[in-house]
Amino acid sequence: MSNTIKHSIYFLLIMALQVLALNHMNLGGYLNPYVYVLFLLVLPVHINKSLLLLLGFATGLCMDYFGNTLGLHASASVLLAFMRPSVIQLFFKNLDFSERESPMISRVGFMGFLKYTFILVFLHHLLLFYLEVLSFTDGLQTLLAVLLSSLLSTAVIMILVLIFGSRKT
Amino acid sequence: MRNLFLFLKKNQFFVIFVVIQLVSLSLLFNSYSYHKSLSFNTVSDFRGMVFSSYDAIVDYFYLRAENEALVEENARLRSQQSVVFPDQDSVVGIQDTLYQYVAADVVSNTVHRRNNFITINKGKLSGVEKEMGVISGSGVAGIIIGVSDNYALIMSLLHQNAIISARIKKNQHLVNVAWKTRDHTTGMVIDIPSHIQLFEGDTIVSSGNSLIFPKDIMIGTIIDHQKSASKGLEEATMKFSTEFNRLGHVYIIKNQHKEEQQQLINPEQSSNE
């Protein structure tokens, strides 16, 4: 199967899960899992960097469309896309990825993928939550929300890749 | 000049990042103003359909609570009826026809964001337009900010731009209601004159000044009013009468004389539009 088609299918499935199920999940107002970033996490390592940014922007806009938050998710997702190459460089410097290979558990190990996911999800959530509450004054409360939601998003992403990851190449 | 291009090319990744980030942020900050959000928000039947298919499944889980709310509303309407009947020949009866109510179902709703929106299953084809008021069975719920053929998007009271003109029922003083907390059950009553003391349970109703909501629609009841030492305008905490968390059915309010009233207030603006 062509890589492009494979990743397009990931995109549709992950967005459907996010928009139809997870967007409606509100645990105490603090825990909003945003796992749609998984799509950006599993793009091929050697993807064209400008394309990566554009895909980040498009993914974010798609979320914004369903959540009435024009620009909010776009901004956070573009940040994630921008940071991704550096984080890959930081954690997986010693690994040689082939042209079309994605950073998956089978390749980088469970802990490796966990670190990679958490750092990027945390940065994404940090910008997302602070942009959303700009006019709120409860800075520490928001930080707590960022931290808890990052943990939850990471947990859901890890569960998803453990269930479906074995079939991905 | 050549050096500039070389620099841009060398830092292509960073430059593109900055450009896209600036685009995102300008979109975001534009959407934060009430008037811009009126023109910016795209409502489409596609999104409405996605939400209503989800809603069709989830609806069943809330039937019980929804029924209870409808029964409560019925009871309250019945009790009002006895008051209204004797007045039917008088002016009050005519005033009533100024507003038309359209019932709609909520297909999507959030309460935990900083800016919350409600999507309903009535749109242009049912005569719904932007800037119409929306109430629940128990009180004010929001304002329509976008319409497609079959769906409409509502700015919930739980939105930083949703500031509603209100009145303290017991003494008819004008105040405003805003949402500043994270809590979807409480709002703030702002611009309270400093000589007014509010007590727990005091009722806040719509003022009828805004052309959007009729007079005396319930907004909430006061929980706490702490007098401040300064002589400026004061704030109080209020419990919303609408339970945003379990909003199922709402009513859209059409003001039949809105255009006429608007023209009277601001002839230039309405002729421009």
Coarse-grained scattering of the stretch A:3-167 at q = 0.15 Å⁻¹, given as base-10 log I(q)/I(0) from a Debye sum over alpha-carbon atoms: -0.79
Please compute the average number of Cβ atoms from other chains found within 10 Å of each residue's Cβ in peptide B:142-149. 0
Projected label distance in nm at residue A:51 and residue B:65, using a 7 Å step from Cα toward the beta-carbon: 4.6 nm
How would you rank B:152-165, B:212-225, highest first, on the average number of other Cβ atoms within 10 Å across their residues? B:152-165, B:212-225
Average beta-carbon neighbours from other chains, 10 Å sphere, peptide B:102-113: 3
Just counting partner chain Cβ atoms within 10 Å, what average do the residues of peptide A:60-69 show around their Cβ? 5
For the residue pair residue A:97 and residue A:16, what label-to-label distance in nm results when each label sits 7 Å from Cα along the Cα-to-beta-carbon direction? 2.6 nm
Too long for a 20 Å Cα-Cα cut-off, among B:122/B:254; B:170/B:254; B:215/B:258; B:169/B:254; B:124/B:254, are B:170/B:254; B:169/B:254
Here the relative contact order (percent) of the stretch A:3-167, from C-alpha pairs under 8 Å and at least 6 apart, is 26 percent
Nearest 10, in degrees from 0 to 90: the angle of helix A:3-16 to the longest Cα principal axis of chain A is 20 degrees
Label-point separation in nm, residue B:224 to residue B:131, each point 7 Å along Cα→Cβ: 3.7 nm
Within the protein assembly as shown, the percent of DSSP beta bridges that are antiparallel, given to the nearest 5, stands at 100 percent
Angstrom value of the Kirkwood radius, inverse mean 1/r, which spans all Cα pairs in the stretch B:158-248: 13.2 Å
Using r as the Cβ-Cβ distance of residue A:130 and residue A:25, and R0 as 22 Å, what FRET efficiency do you calculate, to the nearest 0.05? 0.55
Burial-style ranking of B:133-145, B:58-70, B:17-29, average other-beta-carbon count within 10 Å with highest first, yields B:133-145, B:17-29, B:58-70
Which lysines, if any, have their Cα less than 24 Å from the Cα of residue B:9, not counting same-chain residues under 8 positions apart? A:49
Give the value in nm², to one decimal: projected area of the alpha carbon convex hull of the protein assembly as shown, averaged over all directions. 27.9 nm²
Let me have the relative contact order for the stretch B:164-244, percent, based on Cα pairs under 8 Å that are six or more residues apart. 30 percent
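Coordinate-derived values only; no laboratory data. Since the model is a prediction, treat every value here as computed from it, not as a measurement. In this analysis, Cβ positions are derived from the backbone assuming ideal geometry, glycine residues included, and neighbour counts consider all displayed protein chains.
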